[in-house]
Amino acid sequence: MGQMDNKKALECESLPLEKGPYRTYQPVNSYWHNDLGRLKLHDVLVSITITVAFIAYMVRFHASEFTSNPSEAENEILIAIEYYKLGKFRLVALPPFGIQLLSLVPLNKEILRQLSLTFSSLTLAVLYLTLRRVDTYLPFALGCVTAIASLPLYQEESVSVSVDTLQWLLLALSFYSWRTVLCSRIFSKKWFNYMILLSITLGLSASTKFAGTFVCIWIATLAMKGFWSVLGDPKLPVSYLLKYTLFKVLFLGIIPFAIFTSSYALQLGHWSEDSPEFSQYMTPNFKAYLRGPIEQPKFLYYGSIVTLRHVDSLGGYLHSHNHTYLGGSQEQQVTLTQEENDYNNQWIVEPARPKADAELKEVKDFGKIRLRHRATGKLLRASSAKPPVSEQEYTSEISCTGDADYVGDSDELWTAISVGDPLHSPIMPIKSAVKFLNEGHRCTLLSHDTRLPEWAFYQQEVLCVQSPNEARTLFEFETLQLNTTEEIEYSASGCNWNSIVGLKSLLIELIQRQYKWNNYVPGFQHEPNSEKWPFHLFKQRYVNHIWLSSVLYPICFFIYQTLVALIWDIPSTTVSKAQASCNVIYFDFAIECILGWLNLYRPMLAYPFADQRIVTYLPSLILGQLLVWKAMDTWTKTRPWVAVPLCVYVAYTVRP
């Protein structure tokens, strides 16, 4: 072992820096030229041992968890798998690949839990190999995977029906592939093989969880950093740089994107049965794809019975019910609901001045209309009262007033403006995006994602706003019923889904609706607490040390490097050749881990999804642990005396 360690130290010292016209630089393929990051046969054997050992440990000490009742999160996955097997449409908070993969095995919780255990065990093995790729001493590489494997949260998820364990494996494979690419000679067979593996794992990662998209962003960021290093080598010709750039775009952009879209296209083609409880959140175009085209009048006519859907909302049907506001006008409430087939969603389109026996007439752009609630006979109005939640000087309450005989005044009169259509052209159901301008208050009908309190059944607030954001004012007439003996033109809804444009519209809508549904429907009453995850405390002391070190050390590293960058005149002669070479590898790896930590954790703060559980933080924690153990490895190489306090510290943390 001593000879091997000395050899490692020599290898670390041999990493060269060449002198350029203005500065020193690390030449291309320097890792490969100096034979760094090379794995030995015993590394492969150790990784296999790690996989088998973790599986054996979990089977031995957690056998009862394989047969226990599924949790709420597991039930969601099991139901999603069942729907997929049946070809039924279902909105879930996940891209399709994880569900598609799990659907290949029998729908049995024990088998699916065993599959999760396999994924998490392989993750540990790949993490070990990743650390060995950056010349981490074997004891530190083993210490890192042992620390991760000992976390109760990691063990609990490993015996659950989960796609998170698959995401961990794909993350580990992506990082391992990236490090192997850096250790390979550019454009060699090995380089191409691992670039292909990297592109596949990135595509599958983005297709398993939306967080996988940020894995792609992370690796792309590292690639841009690497390209800057390649660009700094003055010996490389322009043709080399161009070829290098094209292959990077292909493997890190085009192929992952193709895998991601193919996974969604496969899911779209697999659906053969509609589920109205989920398709009600989709647009008429998507519903027509699931249910088949619906034929209805081509144009909107006065006297039509319609349903209005808010374009910017999830579902978002204009709705009123026989309940009044607690304050304001105390008139009948008007809201948006997600329930597609609620009778209270139906409205009658009336002219500004009703006439008996009037001829059938189209409603045109800038036409004047009144909207009468079919169930209660009341007219839609804007008033001088303020909305119950969004009380501002420029907002007005929307309510329903009067009775079936009330003809209305200016507060109940609306101008229907068809956005994007020719001036004064007939309004078309589904195809026309319409906004409604109130004549009495000169405000525009609007809705947003804000929910009303329990007394309004947590439905979306509808209000009238002066100078509004136009995107939130657009509605479309989704369904139209018309009793007439006159001959009128009909049309069928839907687009050509066999075309690239049609498929693109379906894919974009599905992803948008998944995101919005996940954030708006399942967990609107859940308060996100992801900002507390890095500093979460557990009962076990060793778990707290592992958990907190994964965030505290990256922070300390960042602060230290910032100070070093500010104090730029520190003489470089104070650093030995051995230290400098080890620090190059360590510094590169540290930057990679920190960027990964930020890329995977920051979106949880910016976009607090409803399905977030603390287990979602584990990918960031894993990268933090990789950095911690690599740091300890570097310290012992450059300052051997540090090994003593490190051993004391580790012994203290694991002490009962």
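The values are calculated or read from the model by the stated rules, or taken from the named source; none is laboratory data. Small disclaimer: the values here were computed from a predicted structure and weren't measured. All Cβ positions, even for glycine, are placed from backbone atoms using ideal geometry, and neighbour counts span all protein chains on display. What goes into the accessible areas is simple: the full protein's heavy atoms, side chains included, and nothing from ligands, DNA or RNA. Shrake-Rupley method; radii C 1.70, N 1.55, O 1.52, S 1.80 Å.
Looking only at region 206-220, how many residues end up being under 10 Å from the mean Cα position of the chain (by Cα) and aliphatic (A, V, I, L, M)?
2
Assess whether Cys582 counts as being loosely packed, with under 15 Cβ neighbours inside 10 Å and either at pLDDT 85 or above or in a helix (DSSP H, G or I) (or both).
no
Filter region 372-393 for residues that are among the hydrophobic types (A, V, I, L, M, F, W, C) and either more than 40 Å from the chain's Cα centre (by Cα) or in a loop (DSSP other than H, G, I, E, B) (or both) and give the result.
First, pick out the residues of region 372-393 that are among the hydrophobic types (A, V, I, L, M, F, W, C): 375, 379-380, 382, 385, 389.
Those that are among the hydrophobic types (A, V, I, L, M, F, W, C) and either more than 40 Å from the chain's Cα centre (by Cα) or in a loop (DSSP other than H, G, I, E, B) (or both): Ala375, Leu379, Ala385, Val389.
Based on what the data block shows, is Ile305 among the β-branched types (Val, Ile, Thr), surrounded by fewer than 17 Cβ atoms within 10 Å (Cβ to Cβ) and free of Cβ contacts under 8 Å to residues at least 24 places away in the same chain?
Working: among the β-branched types (Val, Ile, Thr): yes; surrounded by fewer than 17 Cβ atoms within 10 Å (Cβ to Cβ): yes; free of Cβ contacts under 8 Å to residues at least 24 places away in the same chain: no.
Considered against the rule, which asks whether it is among the β-branched types (Val, Ile, Thr), surrounded by fewer than 17 Cβ atoms within 10 Å (Cβ to Cβ) and free of Cβ contacts under 8 Å to residues at least 24 places away in the same chain, Ile305 comes out as no.
Has region 324-333 got at least one residue that is more than 20 Å from Glu439 (Cα to Cα), surrounded by 16 or more Cβ atoms within 10 Å (Cβ to Cβ) and within 33 Å of the chain's Cα centre (by Cα)?
No: zero hits.
State the number of residues belonging to region 308-323 that are aliphatic (A, V, I, L, M) and open to solvent by 10 Å² or more (accessible area, probe 1.4 Å).
Number satisfying all stated conditions: 1.
Those residues that are loosely packed, with under 14 Cβ neighbours inside 10 Å and part of a helix (DSSP H, G or I), I need them from region 453-469; list them, please.
Glu454, Trp455
Give just the number: which of (1) open to solvent by 80 Å² or more (accessible area, probe 1.4 Å); (2) acidic (Asp, Glu); (3) more than 41 Å from the chain's Cα centre (by Cα) does Asp411 not satisfy?
(1)
In this structure, does Leu104 turn out to be closer than 23 Å to Met282 by Cβ and not in a helix (DSSP H, G or I)? Talk me through it step by step, then tell me what you get.
Working: closer than 23 Å to Met282 by Cβ: no; not in a helix (DSSP H, G or I): yes.
So Leu104 fails the test.
Looking at region 306-336 only, could you name the residues that are hydroxyl-bearing (Ser, Thr, Tyr) and at pLDDT 95 or above?
Thr307, Tyr317, Ser320, Thr324, Tyr325, Thr335
Can you find even one residue in region 423-444 that is within 26 Å of Ala375 (Cβ to Cβ), β-branched (Val, Ile, Thr) and open to solvent by 20 Å² or more (accessible area, probe 1.4 Å)?
Among the residues of region 423-444, at least one is within 26 Å of Ala375 (Cβ to Cβ), β-branched (Val, Ile, Thr) and open to solvent by 20 Å² or more (accessible area, probe 1.4 Å), which makes the answer yes.
Which members of region 480-502 meet the condition of being open to solvent by less than 60 Å² (accessible area, probe 1.4 Å), at pLDDT 85 or above and outside any loop (DSSP other than H, G, I, E, B)?
Answer for region 480-502, where residues must be open to solvent by less than 60 Å² (accessible area, probe 1.4 Å), at pLDDT 85 or above and outside any loop (DSSP other than H, G, I, E, B): Leu480, Ser491.
Does region 45-59 contain any residue that is polar (S, T, N, Q) and on the phi > 0 side of the Ramachandran plot? Steps first, please.
Keep residues of region 45-59 that are polar (S, T, N, Q), which gives 47, 49, 51.
If we keep only those that are on the phi > 0 side of the Ramachandran plot as well, we get none.
There is no residue in region 45-59 that is polar (S, T, N, Q) and on the phi > 0 side of the Ramachandran plot.
Only one of Phe119, Phe89 is touching a residue at least 40 places away in the same chain (Cβ under 8 Å), closer than 30 Å to Arg38 by Cβ and aromatic (Phe, Trp, Tyr); which?
None of the others qualify; the one that does is Phe119.
Can you name every residue in region 341-359 that is among the aliphatic types (A, V, I, L, M) and either surrounded by fewer than 14 Cβ atoms within 10 Å (Cβ to Cβ) or over 23 Å from Ile427 (Cβ atoms) (or both)?
Within region 341-359, Ala356, Ala358 meet the criteria.
Sort out which residues of region 401-432 are part of a strand (DSSP E or B) and either closer than 19 Å to Tyr302 by Cβ or hydroxyl-bearing (Ser, Thr, Tyr) (or both), and write them in order of number.
The answer is Thr401, Trp414, Thr415, Ala416, Ile417, Ser418, Pro426.
Looking at (1) open to solvent by less than 80 Å² (accessible area, probe 1.4 Å); (2) in a loop (DSSP other than H, G, I, E, B), which is the only condition Lys235 fails?
All conditions are met except number (1).
Are any residues in region 437-447 touching a residue at least 40 places away in the same chain (Cβ under 8 Å) and in a strand (DSSP E or B), and if so, which ones?
Asn438, Leu445, Ser447, listed by residue number.
If a residue must be open to solvent by less than 10 Å² (accessible area, probe 1.4 Å) and either aliphatic (A, V, I, L, M) or without any contact (Cβ under 8 Å) to a residue 24 or more places away in the chain (or both), how many such residues does region 126-144 contain?
4
May I ask you to list pairs of residues, at least six apart or on different chains, whose Cβ atoms are under 6 Å apart, with the first in region 211-229 being within 17 Å of Met195 (Cα to Cα) and the second being open to solvent by less than 60 Å² (accessible area, probe 1.4 Å) and charged (D, E, K, R)?
What qualifies is Leu222/Glu592; Ala223/Lys248.
Hey, does region 161-183 have a residue that's surrounded by fewer than 21 Cβ atoms within 10 Å (Cβ to Cβ) and either of a type in the set (S, T, N, Q) or free of Cβ contacts under 8 Å to residues at least 60 places away in the same chain (or both)?
No, the conditions are met nowhere in region 161-183.
Taking the residues in region 319-367 that are in a loop (DSSP other than H, G, I, E, B) and of a type in the set (S, T, N, Q) as candidates, determine which candidate is farthest from Ala416 (Cα to Cα). Let's see the steps before the verdict.
Of the residues in region 319-367, the ones in a loop (DSSP other than H, G, I, E, B) are 325-331, 338-342, 352-361, 363, 365-366.
The next check asks that each one be of a type in the set (S, T, N, Q); those that pass are 329-330, 338, 341.
Working: Ser329: 24, Gln330: 26, Gln338: 23, Asn341: 24 Å.
That would be Gln330.
Can you tell me which of (1) out of contact with any Ser or Thr (no Cβ under 9 Å at 6 or more places or on another chain); (2) open to solvent by 30 Å² or more (accessible area, probe 1.4 Å); (3) in a helix (DSSP H, G or I) is the one Ala73 doesn't meet?
It is condition (1) that Ala73 fails.
I'm checking my understanding of the structure. Among residues of region 78-91 that are open to solvent by less than 20 Å² (accessible area, probe 1.4 Å) and not aromatic (Phe, Trp, Tyr), which one is nearest to Leu107 (Cα to Cα)?
The first filter runs over region 78-91 and keeps only residues open to solvent by less than 20 Å² (accessible area, probe 1.4 Å), leaving 80-81, 87, 89, 91.
This time we only want the ones that are not aromatic (Phe, Trp, Tyr), so: 80-81, 87, 91.
Values: Ala80: 11, Ile81: 7, Gly87: 14, Leu91: 19 Å.
By that ranking, first place goes to Ile81.
Condition test on Ser262, is it in a helix (DSSP H, G or I), under 12 Å from Phe97 (Cβ atoms) and open to solvent by 40 Å² or more (accessible area, probe 1.4 Å)?
So Ser262 fits the description; yes.
If I ask for residues that are closer than 14 Å to Val462 by Cα and open to solvent by 50 Å² or more (accessible area, probe 1.4 Å), which ones from region 367-393 would you list?
Lys386, Val389, Glu391, Gln392
Can you tell me which residue among Lys225, Lys287 is over 26 Å from Leu510 (Cα atoms) and in contact with a helix residue (DSSP H, G or I) (Cβ under 8 Å, 6 or more places away or on another chain)?
Sole residue among the options that is over 26 Å from Leu510 (Cα atoms) and in contact with a helix residue (DSSP H, G or I) (Cβ under 8 Å, 6 or more places away or on another chain): Lys225.
Could you list, in sequence order, all residues of region 221-253 that are polar (S, T, N, Q) and over 18 Å from Phe175 (Cα atoms)?
Ser229, Ser239, Thr245
So if I check each of Phe366, Phe286, which one is within 22 Å of Met428 (Cβ to Cβ) and touching a His at 6+ places or on another chain (Cβ under 7 Å)?
On the way: Phe286 fails: touching a His at 6+ places or on another chain (Cβ under 7 Å).
Step by step, each of Phe366, Phe286 is checked, and only Phe366 is within 22 Å of Met428 (Cβ to Cβ) and touching a His at 6+ places or on another chain (Cβ under 7 Å).
For region 43-60, name all the residues that are open to solvent by 30 Å² or more (accessible area, probe 1.4 Å) and under 21 Å from Asp164 (Cβ atoms).
Ile55, Tyr57, Val59
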